[in-house]
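Each remark here refers to the structure printed beneath this line.
What follows is calculated from the coordinates using simple rules that are stated; it is not laboratory data. Worth saying up front: this structure is predicted, and the values here are computed from it rather than measured. All Cβ positions, glycine included, derive from the backbone under ideal geometry; neighbour counts span all protein chains shown.
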Number of protein chains: 2
Amino acid sequence: MKIVRLEDLKGTEREVISPDGWTSYRFLLENDGMGFSMHETVFPAGTETPMWYKHHLEAVYCYSGEGSITNLDTGERHAIAPGTLYALDKHDRHVLKADTEMRLVCAFNPPVTGREIHDADGAYAPPVAQGLPSAAS
Amino acid sequence: MKIVRLEDLKGTEREVISPDGWTSYRFLLENDGMGFSMHETVFPAGTETPMWYKHHLEAVYCYSGEGSITNLDTGERHAIAPGTLYALDKHDRHVLKADTEMRLVCAFNPPVTGREIHDADGAYAPPVAQGLPSAAS
């Protein structure tokens with residue numbers, strides 16, 4: 001059993017502060033051996049963040065804050081509020097707009113290793129492209 | 001992209017109300033194809049729930065409420081509060097005690113199918129034991 005507390009991640013390499021404004025706390029990464037990674041990401045009010053996870057499936061549960069997600073492939077926009085989950089089951093290109101500070105719990109498959117580098121599209125490379133074995137299904 | 005809202009799960013088979021007191025909202029199940037399932041589970045104040053997922057790995061993020069988890073294999077007890085995650089990376093037998101209502105975001109690998117039956121230990125059978133293909137890694 002592992003116990004991980006947000007306050008213990010602050011100031012470590014598992015607290016990732018983006019120049020785009022968001023902060024991601026990596027509670028579980030690939031080397032935790034769960035087969036998925038699990039993060040909390042905080043988007044400040046007023047941010048609009050385009051993302052595209054070409055190599056990962058991601059599910060995101062909003063427990064605090066309000067905003068919207070727009071699917072850049074279809075143009076569809078959906079309101080996000082506490083109790084809303086969105087699943088990027090088609091590697092959907094999307095933009096997240098935070099009207100208030102949003103706090104999101106995220107799970108990734110394959111698990112994020114913590115060593116990903118965003119490419120020109122804003123995507124993470126797959127684990128194999130970094131010379132790492134894939135821990136994914 | 002899938003959007004799932006808690007209020008839309010109420011009254012459906014994805015709202016599982018246990019005779020033990022907890023309620024689980026299954027936002028994502030095996031057939032959603034993410035490689036993990038994702039739930040929100042609400043434990044009322046005063047409940048003590050023994051659990052043992054012999055065939056699944058589970059990670060649980062607490063965003064509301066307070067309580068504790070005891071590892072029944074080691075006797076260790078850990079406080080749980082908003083911002084705490086616990087990961088059952090060794091199929092740990094455990095009991096969750098809710099001092100106040102706790103709201104937890106849970107991810108399972110392999111994904112829960114929604115058709116599991118608790119056995120005498122309180123565990124879910126693995127997908128293969130139910131004649132279902134395993135979607136897990």
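What residue, of B:H91, B:H78, is surrounded by fewer than 17 Cβ atoms within 10 Å (Cβ to Cβ) and either at the interface with another protein chain (Cβ under 8 Å from one of its Cβ atoms) or in a strand (DSSP E or B) (or both)? Walk me through how you get there before you give the answer.
Working: B:H91 fails: either at the interface with another protein chain (Cβ under 8 Å from one of its Cβ atoms) or in a strand (DSSP E or B) (or both).
Every option except B:H78 fails the conditions.
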| task | Could you please find all residues in the range A:1-55 being crowded, with 19+ Cβ neighbours inside 10 Å, of a type in the set (G, A, S) and within 7 Å of chain B (Cβ to nearest Cβ)? | result | A:G35
| query | For the range A:56-65, which residues satisfy the criterion of being more than 7 Å from chain B (Cβ to nearest Cβ) and either crowded, with 17+ Cβ neighbours inside 10 Å or free of Cβ contacts under 8 Å to residues at least 12 places away in the same chain (or both)? | reply | A:H56, A:E58, A:V60, A:C62, A:G65
| Checking B:H39 against (1) closer than 28 Å to A:R14 by Cα; (2) in contact with a helix residue (DSSP H, G or I) (Cβ under 9 Å, 6 or more places away or on another chain), the condition it does not meet | (2)
| message | Quick check on A:L96: is it buried (at least 18 other Cβ atoms within 10 Å of the Cβ) and aliphatic (A, V, I, L, M)? | response | yes
